[in-house]
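Following: one structure in C-alpha cells, then a few remarks.
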Amino acid sequence: MDNAHTDVSPAACGEVTALPPRLRASWQRSETYGLTPEEMRPVFTGSVDTGSLLYECGHEVLQGLRRTLANEPVSLMITDHEGLVLCRLSDDASIDRSLDRVHLAPGFYFAESNAGTNGLGLALADRAPSLVRAEEHFCTGLRGYTCAAAPVLDPVSGRVAGTVNLTTWSDSSSQLLLALAQATAGSTTALMLARGSGRRVRPLPRGEVFRVYADGAEHYDDAERPLSAAWTQRLATARAALAEGRVVAVVGEPGAGKTALISAARRLTAPRERVLAARPPAPDDMRAWLTLWTPELAKDDTCVIVSGVDALPAWAAAELAGLFARARRTGEDGRPLLQPFALTASDYSAIPPEPASLVDTVIEVPPLRGRPDDVMPLARHFARRHRGHEVTFTPAAVRALTAYEWPENVRQLRHVVRGAASRADVIDARHLPAEVFTGARCRLSRLQELERAEIVRCLTEPGMTMAQVADQLGMSRATLYRRTARYGIDIPGRAHRS
C-alpha cells in the first residue's frame, strides 16, 4: 500500500466502544474468528464463475459505472454471497496495485471471517448497505481505504446473491459512495430480473411484525381431513420435540408451510397457548421490530415463531440468540420446560451460527410438489375459509390443481384458490388462472400474458374444439397450436379436438 495512504496509527481508530453498534458487533465477530488487527486470512480460489447471471449482469453494470467515474480513484467490485470477489474494475493503477497487496482482488474471499470488519463483509453479514471508513476496519492493513458495499438481491428468491463494493482511499470523500453502491446494486438486480426466468419478483419485506393465532380457527383441521404421511410424520416429530422442551428449526422452500407446521404442533402440545409468528422486516426496521415483540418471550402462555431467521442481519441474529438463551426455562427437576420460541429457515446451514447453536431438532418440510396428496385437502380448506362455507371443485379443476407443480408452494395454492372461490361456488378449470395450465418459464410481455390467459380461458370452456377456439380468437389453428406450445399450455384430461 502506498505510504501516502497508510499513515493511520492504531490509536486513530479509538476505542471499540466508540464505534457504532453494527461496527462494534462486527469487530467482536472478527475476534471470534481468531483474527487479529495485524493478520488477515483471505482465501484464494483457483476459479471464478464468470458464467453466472450475477457476474454477467454485475459486470455489465460496473462497466457503465466505470465510464461514468473515469479517472476517479475508485475500485468497483462484484462479489458472490460468500464474499468471493468475482470482478474488479478501475482506471486507477495505483489503487489496483495497493488492493492486490491486501488481496482484495478477483479470486479471493473477503468475508468478515477472512478479512475482519470491511465494507463487503459487513454488507453480507447484516444484509444491509454498509460503509466502513478507514479507522473502522478491524485489520490495520485496510485502514488506508474507505469501502461502501450494498447487497445484490436475487430478484426471484429475495436472497442475497452477492454485493457491489466500491473502495477508495481513506482520505477521499465518502459522502456519495454508499448511495452509489446502493444504486449499482439495485441496477444489477433489475438487470438480473430482465434476463432471468421471468417469474414474479419476490416482494421486499413489508415491515410486518407478527400475526397472532388466538385460536385454531385459522388453521387447517388435520383431524377432519388428514394430510399426507409426509406432513403428518413431520408434525408428529415436531410435536414430540416441543413436548420435551426442545428448540425446533423447521426448514424448507418458501411457502411450503414451515410456520404452519410449528403452529399446528404447538397447538397439539399446548392447546391454550398463544402463538406469534414474527417475520424479519426491512433492515432499517430491525431494531424497532426486536423491541416490539421480544417481551413476549417472558410470557408463559406465548410461543414465538421467528420465520425466516436466515434473513436476519448478523448483529440481530446474535442479539436474538441472547434473548432466546435467557428465555429458556427449566423445571425444578432441571428438565427444560416448553420452549417459548421456534425457528424457520430455507436450510439449516443458512441459519446464523448464534441461533443455530440453540437448535435441538431440525425438521424439513417437503415442497408441495412432493406432497401431491395435500393439494386438494388444502385447496378445499382455503376455499372454505375464504367463502365461509364448503366450495365444490369439478373433476377438471381437480386434475388441473393436482397436475401443477406449484413452484411457490402452499402460498401460491392459497392465492389461486381464493381467486377462484371469489368467482364461483363450484370451481371449474375455467375459473383457474392461466399459470396453472402452463409450463413455460420464459419471460412474457404484458400482451403475451393476456394472450395466454385468453387461450386458456377458451380451451377450458366445456366442449370447445381447437377449431372453435382458433375462430373465437381470430387466428388459424396452426397459429393456435404454435402459441399453446410456446406458452407451454396443457389442460389435463383435455384431448385437443380439431
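Readers should treat all values here as calculations from the given coordinates under stated rules, not as data from a laboratory. These numbers come from a predicted model, not from an experiment. Neighbour counts run over all protein chains shown; Cβ positions are idealised from the backbone, glycine included.
Brief remarks follow.
- One quarter of the surface of the convex hull around the alpha-carbon atoms of the range 82-126 equals 3.1 nm², the direction-averaged projected area.
- Mean Cα-pair separation over length for the range 228-345, i.e. relative contact order, pairs under 8 Å, 6 or more apart, %: 32
- Degrees, to the nearest 10: 314-327 long Cα axis against longest axis of the chain: 70
- As a proxy for reagent exposure, ranking 398, 391 by other Cβ atoms within 10 Å from fewest up yields 398, 391.
- Between the Cα long axis of helix 258-269 and the first principal axis of the chain there is an angle of about 70°, rounded to the nearest 10.
- Taking each DSSP H run with n ≥ 4 as -39500 (n - 2.57) and averaging over every residue of the chain yields -11500 deg cm²/dmol at 222 nm.
- The residue list 362, 46, 83 was ranked by how far each Cα lies along the charge dipole of the chain toward its positive end, using unit charges on Cβ atoms, and 362 comes out on top.
- Summing Cβ point charges (Lys, Arg +1; Asp, Glu -1) relative to the Cα centre of the chain gives a dipole of roughly 2140 debye.
- Alpha-carbon centroid distance for the pair the range 267-323 / the range 116-145, whole angstrom: 28
- Estimated from the Cβ-Cβ distance and a Förster radius of 56 angstrom, the FRET efficiency linking residue 274 and residue 68 is about 0.55.
- Projected label points at residue 399 and residue 18, each 7 Å from Cα along the beta carbon direction, are separated by 7.5 nanometres.
- Length-normalised contact order for the range 3-195 - Cα pairs under 8 Å, 6+ apart - percent: 23
- Size of electric dipole in the range 3-195: Cβ of Lys, Arg +1 and of Asp, Glu -1, about Cα centre, debye, nearest 20: 300
- Furthest towards positive pole of dipole, 403, 312, 94, structure part the chain, Cβ charges: 403
- Gap separating the Cα centres of the range 225-264 and the range 46-76, nearest whole Å: 44
- Note that the range 370-486 shows a convex hull volume over its alpha carbon atoms of 109 Å³ per residue.
- Rounded to 10°, Cα long-axis angle of helix 409-421 versus longest principal axis of the chain: 40
- Cβ crowding within 10 Å ranks 354, 244 as 244, 354, fewest other Cβ atoms first.
- Relative contact order %, the chain, counting alpha carbon pairs below 8 Å whose residues are six or more apart: 11
- Of the trypsin sites (Lys or Arg not before Pro) found in the range 406-435, those in coil by DSSP whose Cβ has at most 14 other Cβ atoms within 10 Å are 423.
- Pair-distance profile P(r), taking every C-alpha pair of the range 44-158, with 10 angstrom steps and integer %: 14, 47, 35, 4
- Selection from 352, 458, 377, by position along the positive dipole direction of the chain (Cβ): 458
- Relative pair counts by distance (%), Cα atoms of the range 3-195, 10 Å bins: 10, 40, 37, 12, 1
- Beta-bridge orientation, the chain: approximately 65 percent antiparallel, per DSSP, counting only bridges with both partners inside.
- Charge sum, other residues only, whose C-beta stays under 13 Å from residue 294's C-beta, Lys/Arg counted +1 and Asp/Glu -1: +1
- Ascending count of other beta-carbon atoms within 10 Å, so fewest first, for 299, 258: 299, 258
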